[in-house]
Amino acid sequence: MERYNRQIQLPQVGKTGQQKLKDAKILVVGAGGLGCAILPYLAASGIENIGIIDGDTIEETNLQRQILYTEKAIKQQKVVVAKQQLKALNSNVNIEIYNYYLSGKNALEIFKNYDIIIDATDSIQTRYLINDACIITNKPFVYGSIYRFEGQVSVFNYKNGPTYRCLFKNDKAKVTNCETVGVLGTTVGLIGMLQANEVIKMILEIGDVLSGKLLVYNTLNNAQNGINFKKSETKIIDEAFFNSEYKTHKIEAVCVNEAISQNLIFIDVRELHETPKITVPNGVQIPLSILETKIKNLNKNENYAVYCQSGKRSIEAIKLLKNHQFQNVKNIEGGVISMQQNINNEKSIY
Amino acid sequence: MERYNRQIQLPQVGKTGQQKLKDAKILVVGAGGLGCAILPYLAASGIENIGIIDGDTIEETNLQRQILYTEKAIKQQKVVVAKQQLKALNSNVNIEIYNYYLSGKNALEIFKNYDIIIDATDSIQTRYLINDACIITNKPFVYGSIYRFEGQVSVFNYKNGPTYRCLFKNDKAKVTNCETVGVLGTTVGLIGMLQANEVIKMILEIGDVLSGKLLVYNTLNNAQNGINFKKSETKIIDEAFFNSEYKTHKIEAVCVNEAISQNLIFIDVRELHETPKITVPNGVQIPLSILETKIKNLNKNENYAVYCQSGKRSIEAIKLLKNHQFQNVKNIEGGVISMQQNINNEKSIY
Amino acid sequence: MAVIKYFGAIAEVTNCNEEQIEVSDLKVSDCLELLNEKYNLNTIDVSVALNQNLVDRESTIKLSDNDEIALLPPFAGG
Amino acid sequence: MAVIKYFGAIAEVTNCNEEQIEVSDLKVSDCLELLNEKYNLNTIDVSVALNQNLVDRESTIKLSDNDEIALLPPFAGG
């Protein structure tokens, strides 16, 4: 415990508080910019049970803000490298890594093992998933998110308090969460610190937790705005809802950058004459008109992302593939039109 | 440059901004809690010229908040380890390390080589030194400081704006800057991020720099207060003042924890019967009454901290030592009485 | 006059962080309508706060001088 | 009534972050005197702000209702 003297000295911590930190079980969803800011401070503080879930690998363009990763770690799995780094900082910490993406299939099972869930993702869809899984498993959810020079922080579902759905009601909102929006490392770092601070406050049961309050920080002018909101969900979030929303075999949407980072194989189901041609890291073109005859050339166990011009024919193609027992086939919503807007420079596929 | 794509995309950065970051020369004074938060984000952003000055070595109790340091690095020089870690994050960055403490003797010479000076120290005396050296060398000075769960941030001397002396006029203020005050890593991390953000804003010439404005952040309730202040120095800070304040052979005060971390040899000049006895890592007792006869047993080139019961006899002893050409002898102000209050648990000398 | 604060992508559409508008006799919903017309914000999903408290977009609360309205889109990045 | 905000070590002496005090006819300097008497703050060096602007501790500005006074000590840690 001696290594924690500087915080144990605080009357708000003390030996009792240090024990609470030691016993706490915290899950960080996402090991990108926010995760890299939050994780070292959680580990350093003596939180001895940390889970990290992320299926991504480290790319050069991550290094501008994801400070847990070194140049040598490029191409390696984020969670693996993060664990190594954190163990070097504090060997007492048990780190459980989940080397895949959070989904409706795994969220409830994983969340059950933790006290607090931290959202360090960059996807609004995943945020609704985290929110709903937190409601069902009764866990507080520390939200942080960035738009350029601004950040939002809040704590949802804290002691049955308001949730993400009370703040942003429309879970079908068309937010450009795949669009590449630039960001500075310091902005991400600041929001990550505000999130980590909420985690520590909750564990120690000190201060005023940002429950029912959204903090918006503008790093360009240092303006901080606080917005209060009350519990006002219109939907009942229970396991039945969760299963129908996240587990049924409806067609799952994916955006082009997610598809690339998940190493999905792209299938272009447009006719051969259609333009523009799109260059993706790993793709084939099989027009919908001949897909059924060519289906034997495809591997049922591979993971695919299907696209057409606008997103309609791709849905037909996916139904066809699902009828042939393909398990993991996702739809690029909006087709080529949306891909052109959204392709992320970070992945450098041009 | 491709690694910086995610920030170059921001219209406020662009390729021009990235070039400004590349060319900027930033000095971080102190590689403790604030320094460890700030440095990785500066290096990650592509600031290719970073100086770090700190004479301290890594201790176990630092790890709770100084996230650049691993358990294996304990006992090593902070600046040396910080440089290794930052080079691993971004090998393009040139890192100049100064393996000693900032002082009146070296400040002006070092500051001349940089565009922006970051205060990441934990000493109010050093802050006046940084402030005055910044005025003379015409550099902006990014201030950050912590008291338990609160932090202050400001930018001084920016384009001839207000300085630390305009905000805190009394440079002889008796602030307990040696007293061990507890702190959480996340509080230090947050203030460090706000400082790093100011640095980036200044380099890129974007946003509103915190010049003439003190930000006070309370991490327990997320209250942010801003205080405006104007240029109002009452002293003329020029080289003559600087020399008399920081370079002349007046008796320099040191507090017990600084003395320990600077590896000074303690000389107790009280009579042998006096109590309480104080245990220090490296010390001798030579009563003032016999000091002159024993002076030949001491090494003129060593660094000493002298103490007595209340701080008066130690001054006499230092005058005597200086007359015998001892160069580096400091006074423990307030003597044993202050030492008992101030001895820092972090150094674990009991 | 009321202050309208814009955040995130909304502030990029309006090209300012805040502005004053004349609100005499306006309901919250009317005010949003006005802003939608001025900036064509319709397509973006925003939450709305009146004097730091979240309100319904359809709220018929009448605005007064010195009220503060905030338009908050969800952020996605991380 | 005015709001007095306390920061850092001062807030530990007063044991609160802020409080309301009656200020009718008080000058800034008188108000500080009053607080010094109440809490024995004399020994600590503080800077003083009135409505978010730094003022002299000896300031003779008269306080009004709803004024906000802040007592700011320098912080040392890092």
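Overview of results
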| item | result |
| --- | --- |
| Tabulated pairs, segment C:52-77, first touching a residue at least 40 places away in the same chain (Cβ under 8 Å) and outside any loop (DSSP other than H, G, I, E, B), second surrounded by 14 or more Cβ atoms within 10 Å (Cβ to Cβ) and charged (D, E, K, R), C-beta under 6 angstrom, 6+ apart or interchain | C:A70/C:K5 |
| Sole exception among (1) over 30 Å from A:R65 (Cβ atoms); (2) within 12 Å of another protein chain (Cβ to nearest Cβ) for B:A196, by number | (1) |
| Leading residue by the ranking (nearest to the other protein chains (Cβ to nearest Cβ)) among those in segment B:208-220 that are in contact (Cβ under 8 Å) with a residue 12 or more places away in the chain and not hydrophobic (A, V, I, L, M, F, W, C) | B:T219 |
| Single residue of segment D:11-32 satisfying the filter (under 17 Å from B:N221 (Cα atoms) and within 14 Å of another protein chain (Cβ to nearest Cβ)) that is surrounded by the most Cβ atoms within 10 Å (Cβ to Cβ) | D:A11 |
| Residue, farthest from B:D56 (Cα to Cα), within segment B:251-285, restricted to residues that are surrounded by 19 or more Cβ atoms within 10 Å (Cβ to Cβ) and more than 23 Å from the chain's Cα centre (by Cα) | B:R270 |
| Pick from segment B:221-245, criterion aliphatic (A, V, I, L, M) and exposed (fewer than 13 other Cβ atoms within 10 Å of the Cβ), ranking: farthest from the other protein chains (Cβ to nearest Cβ) | B:A240 |
| Residue match in segment B:128-144 (condition: within 18 Å of the chain's Cα centre (by Cα), at pLDDT below 95 and of a type in the set (S, T, N, Q)) | no |
| Filtered residue count, segment A:23-34, keeping only those that are more than 10 Å from the chain's Cα centre (by Cα) and small (G, A, S) | 2 |
| Residues being more than 14 Å from chain C (Cβ to nearest Cβ), in contact with a Gly (Cβ under 8 Å, 6 or more places away or on another chain) and part of a loop (DSSP other than H, G, I, E, B) - total across segment A:102-139 | 2 |
| Segments classed as helices (runs of 4 or more DSSP H), wholly inside segment A:1-46, with at least 2 members that are free of Cβ contacts under 8 Å to residues at least 12 places away in the same chain | A:5-8, A:14-23 |
| Filter result for B:G33 (buried (at least 24 other Cβ atoms within 10 Å of the Cβ), facing chain A (nearest Cβ under 8 Å) and either at positive phi or modelled with pLDDT of 95 or more (or both)) | no |
| Where A:T61 falls short, out of the listed (1) in a helix (DSSP H, G or I); (2) facing another protein chain (nearest Cβ under 10 Å); (3) within 19 Å of B:R65 (Cα to Cα) | (3) |
| Conditions (1) on the phi < 0 side of the Ramachandran plot; (2) touching a helix residue (DSSP H, G or I) at 6+ places or on another chain (Cβ under 8 Å); (3) surrounded by 15 or more Cβ atoms within 10 Å (Cβ to Cβ); number of the one not met by A:G207 | (1) |
| Any hit, segment B:164-173, residues being over 27 Å from D:R57 (Cβ atoms), of a type in the set (K, R) and part of a helix (DSSP H, G or I) | no |
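The values are calculated or read from the model by the stated rules, or taken from the named source; none is laboratory data. Every value quoted in this text rests on a predicted model; they were computed, and no experiment measured them. For neighbour counting, all protein chains shown are included, and Cβ atoms are generated from backbone atoms with ideal geometry for every residue, glycine included.
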